[in-house]
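Accompanying notes for the structure given below.
The values are calculated or read from the model by the stated rules, or taken from the named source; none is laboratory data. All figures in this text were calculated on a predicted structure; none of them were measured in a lab. Every residue, glycine among them, receives a Cβ derived from its backbone with ideal geometry; neighbour counts consider all protein chains shown. Surface accessibility is based on the protein's heavy atoms, side chains included, excluding ligands, DNA and RNA. Shrake-Rupley method; radii C 1.70, N 1.55, O 1.52, S 1.80 Å.
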Amino acid sequence: LQRIDQSSQLLIWLLNDLLDFSRIESGQMQVEMSVGSARNAVETAKSALEAFAQGKGISLTSECDADPQFHADEQRVQQ
């Protein structure tokens, strides 16, 4: 059930990316600038892709001594 849930989340993530690309092309994309955590962005991406990677025999790791910040649209950074 966990694998199904993670796979469905990945599909939703990919579909949202496709919709965003169509918004960019039509000029309807709005960007909201904010300060975000690079560590959180990496960990979120890692957890979203981990089940898929494990199914292929790939191990994902991340390491960060500090918590770097960025000034950008957090959702676009996640994509």
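Over the chain, with the other protein chains present, what is the accessible area per residue in square angstrom, probe 1.4 angstrom?
Details: 6200 Å² over 79 residues.
Per residue, the chain has an accessible area of 78 Å².
Measuring from label point to label point, each 7 Å out along Cα→Cβ, what is the S26 to A53 span in nm?
3.4 nm
Kindly provide the GluC sites (Glu not before Pro) of the chain that DSSP labels as loop, not H, G, I, E or B, and whose Cβ sees at most 14 other Cβ atoms within 10 Å.
Filter output for the chain: E32, E63.
Expressed as a whole percentage, what fraction of the accessible surface of the chain belongs to carbon and sulfur atoms when a 1.4 Å probe is rolled over the protein heavy atoms?
Within the chain, the accessible surface is 55 percent carbon and sulfur.
For a Förster distance of 30 Å, can you work out the FRET efficiency between the beta-carbons of H71 and I4, rounded to the nearest 0.05?
Result of the calculation: an efficiency of 0.25.
Using r as the Cβ-Cβ distance of L19 and L60, and R0 as 30 Å, what FRET efficiency do you calculate, to the nearest 0.05? Don't skip to the answer; put the middle values down first.
Values: r = 26 Å, r/R0 = 0.86.
Efficiency computed from Cβ-Cβ geometry: 0.70.
Semi-axes, largest first, in whole Å: what does sqrt of 5 times each Cα gyration tensor eigenvalue give for the chain? Walk me through the intermediate numbers first.
Numbers: eigenvalues 117, 82, 14 Å².
Computed over the chain, the values are 24, 20, 8 Å.
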